[in-house]
Amino acid sequence: MDFSYDYQIGQKIRSLRLAQSLSQEQLAAKLQTAGCDITRSGLAKIEAGQRHLYAAEIRALHLVLGVPYDALFV
């Protein structure tokens with residue numbers, strides 16, 4: 001299976017996180033507060049393209065980062 005798209009999405013999430021001057025730990029904490037059960041390690045794996053996103057995580061990222069859904073995708 002080609003994981004290049006996972007990597008591209010992860011890099012997009014990373015760039016959105018950095019644009020808001022958030023560390024992985026800070027974003028993970030905000031996601032947890034929004035009801036998304038994710039750790040800093042899990043977020044790091046998503047950003048590296050080593051882990052897939054779940055629908056609930058996409059929704060939480062949309063809400064926490066305050067970006068439209070399409071901004072999360074390449």
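The values are calculated or read from the model by the stated rules, or taken from the named source; none is laboratory data. Note that the coordinates shown come from a computational prediction; the quantities given were computed from them, not determined experimentally. Backbone-built Cβ (ideal geometry, glycine too); neighbour counts: all protein chains shown. For accessibility, only protein heavy atoms count, side chains too; no ligands or nucleic acids. Shrake-Rupley method; radii C 1.70, N 1.55, O 1.52, S 1.80 Å.
Observations on the structure shown:
- Of the residues making up the stretch 6-57, those that are of a type in the set (Lys, Arg), open to solvent by 40 Å² or more (accessible area, probe 1.4 Å) and more than 13 Å from residue 74 (Cβ to Cβ) are 30, 40, 45, 51.
- Among the residues of the stretch 1-60, those identified as in contact (Cβ under 8 Å) with a residue 12 or more places away in the chain and of a type in the set (Asp, Glu) are 6, 25, 47, 57.
- Residue that is modelled with the highest pLDDT, among those in the stretch 31-74 that are in a loop (DSSP other than H, G, I, E, B), farther than 17 Å from residue 20 by Cβ and of a type in the set (A, V, I, L, M, F, W, C): 48
- With respect to being within 9 Å of the chain's Cα centre (by Cα) and more than 20 Å from residue 4 (Cβ to Cβ), residue 27 fits the description.
- Residue check for residue 65: touching a residue at least 40 places away in the same chain (Cβ under 8 Å), open to solvent by less than 40 Å² (accessible area, probe 1.4 Å), touching a Leu at 6+ places or on another chain (Cβ under 8 Å) and among the aliphatic types (A, V, I, L, M): yes
- Residue in the stretch 16-23 that is among the polar types (S, T, N, Q) and assigned to a helix (DSSP H, G or I) present: no
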